[in-house]
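Below is one structure, written out as structure tokens; the observations come after it.
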Amino acid sequence: MRKHQLTILHPAKETPAKNLPDGAITGNGNVTAVLAGTPDRVRIYIGKADFWKADGRVYTEHKGGIAPLGMAEILLPQLAYADYRAEQDLDEACIRLHLTSGKLTANLKITVCAAENTVIFELDRTHPIVSASFSLIPLEGSEAVTSVGADGDVSYTVRGFDTPDCRFPTYGICAVKQISRTVTDGREHIVWAMCVSTNHDTAAYRRQAVERAQVLDEAACRKLLDAHDAWWKDFWSRSSVELPDEDLELYWYAGLYSIACCARNKKFPPGLWGSYSTDDGMGWFGDYHLNYNFEAPFYALTSSNHPELLECYASPLNDFLPVARKYAKDYLGIAGAYFPVGIGPLGLETDYRPDTKEHGHLFLGQKSNAAYGAVIPMMHWYGTRDTEFAKREYYDYLFAVAEFWENYLVFEDGKYQIYNDALNEVGWYSGPSYMPQGHDDKNPIVSCGLVRMLMKLMIDLSSELGMNTDKIPKWQHMLDNIVSAQTFEMQGKTYLRGIEGHHDIRELALECMFPAGEIGKYTTPALYEAAKNTHQHLSIWESNNRFCSYYPMAARLEYPPEEIIAHIHTNIEKHGLPNGMFRFAGGGLENSAAIPMTVNEMLLQSYEGILRLFPVWDKKQDARFRGLRAYGAFVIEADLENGRIRAEILSEKGMPLTIESPGSDYILFTGDGTAVPLTEQFTTVNTVSGERLTVTPNT
């Protein structure tokens, strides 16, 4: 297999930043490191998923939200004009920096250990001409409490936020110790280890970090590095792709890497910028925007066979449920969960705006935020059928959202109608008496699609779990009678109608297809045609907010693969950061999911309950994938070689398998060796848990 590595030939130009950094990144899912500075003054920003300033004041006036915890600085004064090369190794999850000035060199490797919150710095330099010093820089400002200190051979910095306006205190420590220093043949090798902890890990965070640093030695660091290598080897073994287009393959890995590096803290999932914060006052506080931004980074995780990274997803939704229930009762007079657009961790409200007509919060006219939060559980459930995870992590949340829609929908003229629910965000900033156009939209297509998605999910999930089965008839009635996606005709073509009574083409209308999955080629052919017309008419291949969805939509709409890939290359060139992430005028970490999800949909589709192998791929281009996950809890590996497809399908839960034939001369072999000719367009077979089925050409 190819090595997957991003090479950066200049120091970061826009780090620190209020959004995504442009320096090389790495992390263990909780602690992150971002490379910045210059050759002679190398800086490494340390972030942590739970390092939040939970300020309860008006957020536009104060610097709240996700913040950097610390910064390390390595001074190499003799290399001020050195040639610069940073390698962001995706396979091994580390950063390597190479500095060269004539015969003088320094090489730095940064590893955020996968097994614990320890960062290991390994510096190799020309000795004795190149001097080197390592220090921790306290980050002042934004009302932070900072301190520096030492305990024996361990030095540390502490940073925290605990003003009277903070809803909860946050403190963190970076504790550093030099592990070893050796000189051999004119080279000096130095190793430092930094232990990182916060009060959200333990009340004794300071003592824990310092004591851990004190006991670390060369053997312990080697053990941590070995465990790190093993963790990432296992991670990448769960799924992989091999594509003829090297950049497309590289960015599939880069997208998964950027989310894996910041999505393993079970109470603090990544927000708009992940935990790659390099400055205070990050844009929109780095919070959880529920009208797609929060969900989007997780889009590709189930299909890429990484459901383990979803263990953090539902935490802020569950923690905010008491507040959302209060909002529904106080503001709408109904039971259920009514979520604003933006929330924070541990029930934090990040949307307080006293000058809004919407009760001093940012609902932005939308009732669909909580339903949008259900798209990731939907993908997870149909992809894994994991009843234990569903019950533990997201069932209560989904039930509260379903309860909201039971009470909010209006049954009128034989249909469930949605009133006063904006399709697009509406303005909030014009004072308490201002109610902008759009707040009173009727039957917005996204909400209708999300409610249909939610009702299907609740019926299936509750039946499987045996929970709240008395609700199923009501949910079924809602599913059968809610207003469906509507269309209109313009110049001889049909298009999706965004909201009832309007004849304009709106990009959000397509969200009904992806991620909601309510429009498909075989399940709703008329709507599918309208969606394709809408998608083509919009032509928003470089949209600030739709990169993460417009491209998977194109795959589901079966655009020519070369067209999709060409547009991906354009976005890499125009909006790609050197570290493999993307920076548009809007959006953040969400865009890291765009290429993995699009590639997955090009190689394998199942959202309609029909398994399709290489559905949007040029059959003249060899490709292969391992471990992609399909609806029905099937895990597939497949090869396309010389125009012929071979696949192995693992049935994890024993669900029925419906497969679209790759061609009339293919055979499906079941686990007991029974040959089933795939001569029909669709073939359905029953499976048992653990069964492996194969698809092969007949000749």
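The values are calculated or read from the model by the stated rules, or taken from the named source; none is laboratory data. Everything numeric in this text was worked out from a predicted model, so none of it was measured. Cβ coordinates were reconstructed from backbone atoms using ideal geometry, including for glycine residues, and neighbour counts include every protein chain displayed. To get the accessible areas, we keep the full protein, side chains included, count just its heavy atoms, and leave off ligands, DNA and RNA. Shrake-Rupley method; radii C 1.70, N 1.55, O 1.52, S 1.80 Å.
Values computed for the structure shown
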{"quantity": "Accessible area in the full protein assembly, largest first, 1.4 Å probe, for Ser592, Ser463", "calculated": "Ser463, Ser592"}
{"quantity": "Whole-Å semi-axes of the ellipsoid equivalent to the stretch 307-416 (Cα gyration tensor, √5λ, descending)", "calculated": "25, 19, 11"}
{"quantity": "Peptides ranked, highest mean first, by Cβ atoms within 10 Å: ranges 31-41, 670-680", "calculated": "31-41, 670-680"}
{"quantity": "50 Å tail of the calculated P(r), the chain, as % of Cα pairs", "calculated": "14 percent"}
{"quantity": "Potential lengthening between Glu388 and Ala219 on full extension [0.36 nm per residue; Cα-Cα distance subtracted]", "calculated": "57.0 nm"}
{"quantity": "Length-normalised contact order for the stretch 107-204 - Cα pairs under 8 Å, 6+ apart - percent", "calculated": "28 percent"}
{"quantity": "Å² of accessible area per residue within the stretch 21-94, as computed with a 1.4 Å probe and no ligands counted", "calculated": "24 Å²"}
{"quantity": "Mean accessible surface per residue for the stretch 307-455, computed with a 1.4 Å probe while every protein chain stays in place, in Å²", "calculated": "33 Å²"}
{"quantity": "Cα centre as origin, Lys/Arg/Asp/Glu Cβ charges: the stretch 381-423 dipole, Debye", "calculated": "160 debye"}
{"quantity": "Exposure of Ile459 as accessible area (Å², to 10), given a probe of 1.4 Å and all protein chains", "calculated": "30 Å²"}
{"quantity": "Percent carbon-and-sulfur accessible area, the chain, ignoring ligands, DNA and RNA, probe 1.4 Å", "calculated": "48 percent"}
{"quantity": "Rounded D (µm²/s) - the stretch 563-699, Kirkwood Rh over Cα pairs, Stokes-Einstein at 25 °C, 0.890 mPa s", "calculated": "150 µm²/s"}
{"quantity": "Lysines with Cα under 20 Å of Lys442, excluding same-chain neighbours fewer than 8 positions away", "calculated": "Lys357, Lys367, Lys415"}
{"quantity": "Estimated 222 nm signal from helices in the chain, with DSSP H stretches of n ≥ 4 weighted -39500 (n - 2.57), rounded to 500", "calculated": "-8000 deg cm²/dmol"}
{"quantity": "Student exercise, the stretch 365-461 dipole from Lys, Arg, Asp, Glu Cβ charges, in Debye to nearest 20", "calculated": "180 debye"}
{"quantity": "Per residue solvent-accessible surface (Å²) - the stretch 493-576, probe of 1.4 Å", "calculated": "35 Å²"}
{"quantity": "Partner aspartates and glutamates for Lys177 [C-alpha distance under 18 Å; skip if fewer than 8 residues away on the same chain]", "calculated": "Glu73, Glu116, Glu122, Asp124, Asp151, Asp153, Glu188, Glu211, Asp217, Glu218"}
{"quantity": "Signed unit charges on C-beta, dipole axis of the stretch 415-536, positive-most listed residue Pro525, Gly466, Cys512", "calculated": "Pro525"}
{"quantity": "Contact order normalised by residue count of the stretch 376-474, Cα under 8 Å, 6+ apart, percent", "calculated": "25 percent"}
{"quantity": "Under 18 Å from Lys653, Cα to Cα: lysines that are on another chain or at least 8 residues apart", "calculated": "Lys391"}
{"quantity": "Peptides 538-546, 572-580 ordered by average Cβ neighbours within 10 Å, highest first", "calculated": "572-580, 538-546"}
{"quantity": "Dipole axis of the chain (+1 Lys, Arg; -1 Asp, Glu on Cβ), positive-most option in Ile179, Trp381, Ser240", "calculated": "Ile179"}
{"quantity": "Separation between Cα centres of the stretch 272-326 and the stretch 148-199, rounded to whole Å", "calculated": "27 Å"}
{"quantity": "For the stretch 1-62 versus the stretch 651-697, the gap between their alpha-carbon centres in whole angstrom", "calculated": "46 Å"}
{"quantity": "Mean shadow area of the stretch 153-298, taken as a quarter of the surface of its Cα convex hull (nm²)", "calculated": "13.4 nm²"}
{"quantity": "The stretch 555-699: relative contact order in percent, alpha carbon pairs under 8 Å with at least 6 residues between", "calculated": "17 percent"}
{"quantity": "Heavy-atom SASA rank of His306, His359 (probe 1.4 Å, accessible area, largest first)", "calculated": "His359, His306"}
{"quantity": "Computed magnitude of the charge dipole of the chain (debye, nearest 20; Cβ of K, R +1, Cβ of D, E -1)", "calculated": "680 debye"}
{"quantity": "Dipole-positive endmost among Pro269, Leu69, Gly588 within the chain (Cβ charges, Cα centre)", "calculated": "Leu69"}
